[in-house]
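Take a look at the structure set out below.
The values are calculated or read from the model by the stated rules, or taken from the named source; none is laboratory data. The structure displayed is predicted, hence computed values, not measured ones. All Cβ positions, even for glycine, are placed from backbone atoms using ideal geometry, and neighbour counts span all protein chains on display. Quick note on the areas: whole protein, heavy atoms, side chains included, nothing else; ligands and nucleic acids left out. Shrake-Rupley method; radii C 1.70, N 1.55, O 1.52, S 1.80 Å.
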Amino acid sequence: MEPLDRSAIWPYENGEPGAYYYQRYGHPVGAEAERVVGELEGGTALLFPSGAGATAALVLALLEPGRTIALARDAYYGTSVLFRDLERWGLRFVEYDQTGAPPDAADLVWIESPSNPLLTIPDFEAAARHPAPLVVDSTASTPVYLRPLERGADFVLHSATKYLGGHHDLMAGVVVCRDPDAAARLREFRTRTGIVAAPDAAWLLLRGLKTLDVRMRRHTESATEIARRLDAHAGVERVRYPGFAGLLSFDVAGGAHAARTVETSTRRIANATSLGGVDSVLETRHRWEGDRVPENLIRLSVGLEPVEELWSDLETALAAAASRT
């Protein structure tokens, strides 16, 4: 592991700034984390203090007032919330069905694979054919299952808080750029605005990356089995699972009240937000996203616990919901 250097400044070398001199411009552990993620994705990586920070920095560095973003309609809801806030500065966005082609009048195309929490997969070929730069939010896939730069993307975005970190104990975001010149422009914007990840988060990210491959394969193994059992359960109306990684969602029979009962009845699985950690978490998403998702939809992030323990917990919670309907 790279030593955790929390220095905010470093002495000049022979009267001139060296590789590191002020933390806002870069620091050793952050540079190492960027190197590792860049190798995994096949591009130039830049680290940010959160996924939302990475999103804001990317669109503000790339676009001018009056430009339009074509955003996947079922992408992470926080992305559309952020873009709506940026409308006051003259940025516009339109939402579209990412399983088809993006609208012609777009200056940036933004897709997510798979989407969170509806788990759709975008039409990569249609998105890559569009003349605008393409951003792929690959948070739920990770480079273990998807390398978007190889599918025609210009930028890859991760909420590294999720699978890349993997332990629910850090907050960070990453943008990986195909073009080194675009990376340089984004780096300069990051420096000027101060949207820079701290050394502690970068160090924890490096720790998580060491086990990324083995964690993702265990997530997939467990989630595949859980999805199969949920799909056969009488208390579940619908299961969404892309066939890889640990994120799935399911609609509980009996409506919003039944879903609320399920999320508050589990004991092994925490009723909490976020995803991608070694510990399983679940929550209803209607509370945050409103009518863009079914009111009885539960998002489940399957962790690394034994499958039988997770299934016993879910069975008990589903039985509790059934008994109250």
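How much mean residue ellipticity at 222 nm does the chain get from its helices, if each DSSP H run of length 4 or more adds -39500 (n - 2.57) and you divide by all residues, to the nearest 500 deg cm²/dmol? Could the numbers behind the result be given before it?
Working: 11 runs with 124 residues, N = 325.
So the helix-based figure for the chain works out to -11500 deg cm²/dmol.
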Quiz item: Residues of the chain: accessible area per residue at 1.4 Å, in Å²?
Solution: 43
Quiz item: What list of ³J(HN,Hα) couplings, whole Hz, do you get for the range 259-267 from phi and the Karplus terms 6.51, -1.76, 1.60, once you set θ to phi - 60° and write x for glycine and proline?
Solution: 5, 5, 5, 4, 5, 9, 10, 6, 10
Exercise. With θ set to phi - 60°, apply the Karplus curve 6.51 cos²θ - 1.76 cosθ + 1.60 along the range 103-110 and write out the HN-Hα couplings as whole Hz, x wherever there is a Gly or Pro.
Key: x, 5, 7, 9, 9, 7, 10, 10
Self-check item: Area of Val239 that stays accessible when all protein chains are in place (1.4 Å probe, Å², to 10)
Solution: 30
Quiz item: Within the range 88-108, what residues put their amide N at less than 16 Å from the label point 7 Å along the Cα-to-Cβ vector of Ala126?
Solution: 94-106
Quiz item: Within a Cβ distance under 15 Å of Val278, other residues only, what is the Lys/Arg minus Asp/Glu net charge?
Solution: +1
Quiz item: Under the Karplus relation 6.51 cos²θ - 1.76 cosθ + 1.60, θ = phi - 60°, what is the ordered set of whole-Hz ³J(HN,Hα) values for the range 38-47, x standing for Gly and Pro?
Solution: x, 5, 5, 9, x, x, 9, 9, 10, 9
Quiz item: Considering amide H positions built from the backbone, and no H for Pro or chain starts, which residues 5 or more places from Tyr22, or on another chain, come under 5 Å of its amide H?
Solution: Trp10
Quiz prompt | Sequence-distant residues sharing a close amide H with Phe93 (under 5 Å, placed H) | solution = Ile69
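Grab the other residues whose beta carbon is less than 10 angstrom from that of Gly66, score K and R as +1, D and E as -1, and report the net. Intermediate values should be presented prior to the final figure.
Numbers: positive: Arg67, Arg92; negative: Glu64, Asp107.
Neighbourhood net charge equals 0.
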Quiz item: Under a GNM of the chain (C-alpha, springs under 10 Å), which listed residue has the highest mean-square fluctuation: Ala197, Ala232, Ala72?
Solution: Ala232
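Using only the Cα atoms of the chain, construct the convex hull and provide its projected area averaged over every direction, in square nanometres to one decimal. Don't jump to the answer; show the numbers that get you there.
Working: hull surface 67.4 nm².
Averaged projected hull area, Cα only: 16.8 nm².
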Exercise. Any chance you could give the angle, 0 to 90 degrees and rounded to 10, that helix 307-323 forms with the longest Cα principal axis of the chain?
Key: 50
Exercise. For the range 60-114, take the alpha-carbon Rg, divide it by the Kirkwood Rh, and send me Rg/Rh.
Key: 0.94
